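Structure, as structure tokens:
Every read-out reported here was derived from the displayed coordinates using simple, explicitly stated rules and does not represent laboratory data. As the structure is a computational prediction, the values presented were derived from the model and not from experiment. Neighbour counts are summed over all protein chains in view; Cβ atoms, including those assigned to glycine, are modelled from backbone coordinates with ideal geometry.
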Amino acid sequence: MPTASLQHYGESRHDWTRQQVLDLFALPFNDLLFTAQQVHRVHFDANRVQVSTLCSIKTGACPEDCAYCPQSARYDTGLEREKLMKVEKVLEEARAAKASGATRFCMGAAWRSPKKKDMPYVTQMVREVKALGMETCMTLGMLNDDQAQELADAGLDYYNHNLDTSPEYYGEIITTRTYQDRLETLGRVRAAGMKVCAGGIIGMGEGEKDRAGLLMQLANLPDHPESVPINMLVKVAGTPLEEERDLDPFEFIRCIAVARIMMPKSHVRLSAGREAMSDEMQAMAFLAGANSIFYGEKLLTTANPEANKDMQLFQRLGIQPEEYQQYADEAAVEAELAAQITEQQNDPFFYDAAK
Ligand code: SAM
Ligand code: DTB
Ligand code: SF4
């Protein structure tokens with residue numbers, strides 16, 4: 001048990017060495033989970049899980065060659081390509097997601113990067129989904145500075161862009177964009193003032209050192225991503241990874257626990273792959289510090305557990321969905337402003353122009 005260093009856990013660090021990360025992975029399973037659960041409780045209510053719903057706003061025919069992805073035009077996965085969804089249809093889906101309890105709406109497009117002509121539509125989607133009282137997230141591929149700023153100006157809360165795996169293993173999975181391209185997009189999202197959602201996929205044939213390498217890249221960013229999706233590969237027929245061997249479920253749980261320890265203030269999302277997980281495995285992921293899920297029958301193109309099954313699981317585990325903080329924060333801002341105004345009115349030199 002790493003008791004000597006336990007006192008430091010819970011603090012955000014950005015200087016992880018590969019050996020330190022591998023040492024976490026090498027802990028006895030019980031010690032690792034216990035440590036992760038302790039770290040989790042420093043910053044979070046351990047019985048609350050954030051709930052996001054995905055929507056594929058542009059499906060299929062993607063020019064990229066990501067070996068896991070059913071949406072790449074290079075693989076025959078039987079997926080019907082679709083044009084950019086109409087704003088009204090996106091809103092319909094967002095309203096339904098809100099009605100079934102999601103607080104964040106994540107819109108994904110099968111693009112290498114958005115085109116200039118797409119930007120007015122996606123920014124309108126952001127504005128209108130936000131107006132429904134939901135948090136917004138988009139994942140549209142690589143962004144340039146102007147696009148990042150346009151999305152931020154429209155009020156986009158989160159931008160999702162995954163590193164997917166370690167820099168060393170990356171070339172086995174994608175050849176059409178570099179790791180550096182991904183890091184640059186993440187830098188632009190941050191510079192534009194949006195929250196970062198960045199994680200990866202486990203179970204693509206990578207080794208433990210690659211899982212450590214991915215988490216090290218994420219945790220050593222200048223700021224930790226606010227949201228860290230850990231996806232378990234969904235093996236889709238027709239993709240190069242369809243025959244990939246099953247991952248030991250404990251290796252996946254270890255990954256969640258190590259992510260929780262390394263990025264103590266981030267939401268760690270138990271993302272794709274839940275359809276293939278037992279309730280017990282998901283419960284173990286929550287115990288390891290996962291505190292966000294994708295909710296709703298579909299991810300982007302593949303199946304996800306049914307909403308009522310998730311709600312039953314939450315009930316059985318005594319988990320509550322996390323509430324959207326907007327109203328609490330706004331109320332706090334209003335209260336603060338009201339307090340300042342009263343203070344000013346008591347100031348003998350205060351001139352009230354309203355009188
Ligand atoms: N095209 C954009 C991009 O790649 O940045 C956005 C959409 S893309 C589908 C978003 C992420 O979904 C990928 O980075 C990958 O991590 C995840 N993903 C895609 N297919 C997956 C699969 N079969 N299993 C698990 N995760 C997957
Ligand atoms: C993320 O990390 N996982 C989500 C979201 N970000 C966009 C996507 C999972 C996609 C799984 C395969 C599919 O449904 O197409
Ligand atoms: Fe295209 Fe994104 Fe799929 Fe890669 S992950 S093929 S970029 S949709």
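Can you tell me the relative contact order of region 127-233? Whole percent, Cα pairs under 8 Å, sequence separation 6 or more. Over region 127-233, the number comes to 29 percent. Distance between the pseudo-spin-label points of residue 38 and residue 23 (7 Å out from Cα toward the beta carbon): 1.5 nm. For the residue pairs 58/98; 235/309; 130/195; 58/86; 195/235, the alpha carbons lie more than 19 Å apart in 58/98; 235/309; 195/235.
For the chain, the 222 nm mean residue ellipticity estimated from helices alone, with every DSSP H stretch of n ≥ 4 adding -39500 (n - 2.57) and the total spread over all residues, rounds to -12500 deg cm²/dmol. Our summary gives the chain a relative contact order of 23 percent, counting only alpha carbon pairs under 8 angstrom and 6 or more residues apart.
What the Cβ-Cβ distance of residue 184 and residue 250 gives, at R0 = 41 Å and to the nearest 0.05, is a FRET efficiency of 0.75.
Taking a point 7 Å out from the Cα of residue 243 in the direction of its Cβ, the residues of region 205-222 whose backbone N falls within less than 20 Å of it are 205-207.
Take the Cα of residue 316, step 7 Å toward its Cβ, do the same at residue 131, and the gap between the two points is 4.2 nm. Once C-alpha pairs closer than 8 Å and six or more residues apart are averaged by separation and normalised to the residue number of region 8-109, the relative contact order reads 29 percent.
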